[in-house]
Each structure stands twice: as C-alpha cells, then as structure tokens.
1. Scan the stretch 40-68 and report the pairs whose first residue is touching a residue at least 24 places away in the same chain (Cβ under 8 Å) and whose second residue is buried (at least 16 other Cβ atoms within 10 Å of the Cβ) and assigned to a loop (DSSP other than H, G, I, E, B), with Cβ atoms within less than 7 Å and a gap of 6+ or a chain change.
2. It is to be established whether one or more residues within the stretch 175-183 are under 22 Å from residue 95 (Cα atoms), touching a residue at least 12 places away in the same chain (Cβ under 8 Å) and assigned to a strand (DSSP E or B).
3. Please enumerate the residues belonging to the stretch 203-219 that are surrounded by 16 or more Cβ atoms within 10 Å (Cβ to Cβ) and modelled with pLDDT of 95 or more.
4. Report every pair of residues separated by at least 6 positions or lying on different chains whose Cβ atoms are under 8 Å apart, first residue within the stretch 81-97 and within 16 Å of residue 147 (Cα to Cα), second assigned to a loop (DSSP other than H, G, I, E, B).
5. Checking the condition in a strand (DSSP E or B), out of contact with any helix residue (DSSP H, G or I) (no Cβ under 9 Å at 6 or more places or on another chain) and crowded, with 18+ Cβ neighbours inside 10 Å, which residue from 167, 147 passes?
6. Out of 74, 59, which single residue is within 20 Å of residue 27 (Cβ to Cβ) and either outside any strand (DSSP E or B) or modelled with pLDDT under 95 (or both)?
7. Of all residues being in a strand (DSSP E or B) and in contact (Cβ under 8 Å) with a residue 60 or more places away in the chain in the stretch 110-120, which is farthest from residue 162 (Cα to Cα)? Just the residue, please.
8. Output the residues belonging to the stretch 184-219 that are outside any loop (DSSP other than H, G, I, E, B) and more than 30 Å from residue 112 (Cα to Cα).
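The values are calculated or read from the model by the stated rules, or taken from the named source; none is laboratory data. Computed from a predicted model, the values in this text were never measured in an experiment. So basically every Cβ, Gly included, is an ideal-geometry build from the backbone, and we count neighbours across all protein chains shown.
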C-alpha cells in the first residue's frame, strides 16, 4: 500500500512542480453520497446511499483562457448501506472506506462577467483505500445493539481479505466560481472491481457536492 500512496503523491507533486507559477490552487471540501454497483453469480444485493465527505486541494494548469487541466489530491470516503428486516429485527450494515485519491480532468470555463464563470470538467481518478470499517446495527423488540470491525485490505495467512485497495474510474463535474469562491457538483463512476471475491463485482458510485476557494484568482 505504501508504494501506491507514494506514487500517487509523487505524480501530484510532479504535476505541481511542472506547472510552476501558472497553476491556481484551490482548497475544496464537501459532502459525499456514496453507493455501489454490485453483481454476483448469485444475484446483486440491494444497497442504499451512505453519507461521507471529501477534503483536499486541486491545481489548475491553464492551457488558454478557456481550457485547463485540473488535478489534485483528496481524502475522500466511499461506501454503502444494506438494510433488511428479519422476524421483527431491523438489520443495517454500513461500510465506510477512506481513500487517498488523485483526479485528473480536462476543464472548460465559460466567463459570464467580472470574476464570474461557469465550468465543466471530465476525466478520471485513481485512488487507494487507507482504512475502512464495517458497522452492523440490530434494532428490534425495544432494543438496539451495534458492533463494528476493521476492513481487511491485505491478505491474511489464509489468503482472505474484504476488499481490494486500488480504485479508479471516471469523473464528471460542473459548477460556478465567483471571485474565487467555488460551488460545484460531480459524479465518480468507479470502473475498478474492489471486491476480493472472484464471484462478485463491486464498483464505487459517488455524488459529490463541493465548496471551495481558489487562491490566485485574477481580481
């Protein structure tokens, strides 16, 4: 895992160094609404959205006044919920995974006036899972009980693990920037199968609502 993390960080730093003084740095964070696309030889499982967050930095590398390359580095959560009822018991299983992620996208900007613009971007991302937890909650008959366990990413002595660490996919977004302040929305379409089970396919799906501020805005 350490090698993957170091490579992602090295690529991000290389892009920043290459772009020199031309890039504009933005701090961004916001809400994640995460779910998965899943299937198996036994049929898929019905899942629901679990909330989370993303926090990080992006760097714009201008190509001209209208186009730019955007990259950065984020801490971002992914996961899903499973809810079932069984003989009067409400059973909820929640999976939360914290990823270190680097997006790389092509960005188009549409100026609307002084220091106001709309933007749209499309590209891809690569990420690695750092830590994760599965939480199980049982409710029924006037009582509630919960338990949680850490997610296993590295194979143990028996060759078992819960999920693969590596994730990658496509990302699409749009938003507005007003005097450096950013409001945007994006969608991550996971292409990697993060399931450690050869009979199951699990791919991440994340909607992101983002607030941020861009330093170096040309006032």
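1. Matching pairs, first to second residue: 59/23; 60/23; 61/23.
2. First pass over the stretch 175-183, keeping only residues under 22 Å from residue 95 (Cα atoms): none.
The answer is no, given that none of the residues of the stretch 175-183 is under 22 Å from residue 95 (Cα atoms), touching a residue at least 12 places away in the same chain (Cβ under 8 Å) and assigned to a strand (DSSP E or B).
3. Once the filter is applied, which keeps residues that are surrounded by 16 or more Cβ atoms within 10 Å (Cβ to Cβ) and modelled with pLDDT of 95 or more, the stretch 203-219 yields 203, 204, 205, 206, 208, 210, 212.
4. 81/47; 81/49; 82/45; 82/46; 82/47; 89/141; 95/151
5. Details: 147 fails: crowded, with 18+ Cβ neighbours inside 10 Å.
Of 167, 147, the one residue that is in a strand (DSSP E or B), out of contact with any helix residue (DSSP H, G or I) (no Cβ under 9 Å at 6 or more places or on another chain) and crowded, with 18+ Cβ neighbours inside 10 Å is 167.
6. Details: 74 fails: either outside any strand (DSSP E or B) or modelled with pLDDT under 95 (or both).
Within the list 74, 59, the selection yields 59.
7. Going through the qualifying residues, I end up with 116.
8. Taking the stretch 184-219 as the starting set, the residues that turn out to be outside any loop (DSSP other than H, G, I, E, B) are 184-190, 195, 200-214.
Residues satisfying the conditions are 190, 195, 200, 201, 202, 203, 204, 205.
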